[in-house]
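Have a look at the structure below before the remarks.
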Amino acid sequence: MLNFTEVFDVMQVEPATGSSVWTVLTGTRTALERDGHMVDPNAMACCPIEWLDERGYLDAELARQHPRPWGI
């Protein structure tokens, strides 16, 4: 059984348009708050803790190494 944790996308505001743009970072609440990012509780997803690096951010390479419990 996989152990899942909440993760959030790191977004920034595009100055020219005012729209939100994903920074290609996704991490735990603790990691985002530690690094000065705001957390949007409405943008929460879950992932296995095995997919997180030592800093608390989603690591695409680690995610590829572990089987997914569903097809994406």
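Of the listed values (1) 22, 42, 25, 10, 1; (2) 18, 56, 24, 2; (3) 20, 48, 25, 7, 0, identify the label whose number matches P(r) over Cα pairs in 10 Å bins from 0, in percent calculated from this model.
(3)
In debye to the nearest 20, how big a dipole does the chain give about its Cα centre with +1 on each Lys and Arg Cβ and -1 on each Asp and Glu Cβ?
Its charge dipole is roughly 140 debye.
In the chain, with Lys and Arg counted as +1 and Asp and Glu as -1 at Cβ, which of these residues, Gln65, Asn42, Gly18, has the Cα nearest the positive end of the dipole, that is, farthest along it?
Highest projection toward the positive end goes to Gln65.
Just to confirm, what accessible area per residue do you get for the chain at 1.4 Å probe, in whole Å²?
Ligands and nucleic acids excluded, the figure is 73 Å² per residue.
Report ³J(HN,Hα) in whole Hz for each residue of the stretch 29-39, in order, from the Karplus equation J = 6.51 cos²θ - 1.76 cosθ + 1.60 where θ = phi - 60°; Gly and Pro get x.
With coefficients 6.51, -1.76 and 1.60, one gets 4, 4, 5, 5, 5, 4, 8, x, 8, 7, 10 Hz.
What residues have an amide H closer than 5 Å to that of Thr5, excluding those fewer than 5 places away on the same chain, when H is modeled at 1.01 Å from N in the peptide plane?
The list, which skips near neighbours in sequence, is Cys47, Ile49.
Ignoring ligands, DNA and RNA, what percent of the accessible area of the chain is carbon or sulfur (1.4 Å)? Please list the in-between numbers first.
Details: 2890 of 5230 Å².
Carbon and sulfur atoms account for 55 percent of the accessible area of the chain.
The values are calculated or read from the model by the stated rules, or taken from the named source; none is laboratory data. Quick caveat: nothing in here was measured; it's all calculated off a predicted structure. With ideal geometry, Cβ positions are generated from the backbone for all residues, glycine too; neighbour counts draw on all protein chains shown. Each accessible area value is taken on the protein alone, full model and side chains, heavy atoms only, with ligands, DNA and RNA left out. Shrake-Rupley method; radii C 1.70, N 1.55, O 1.52, S 1.80 Å.
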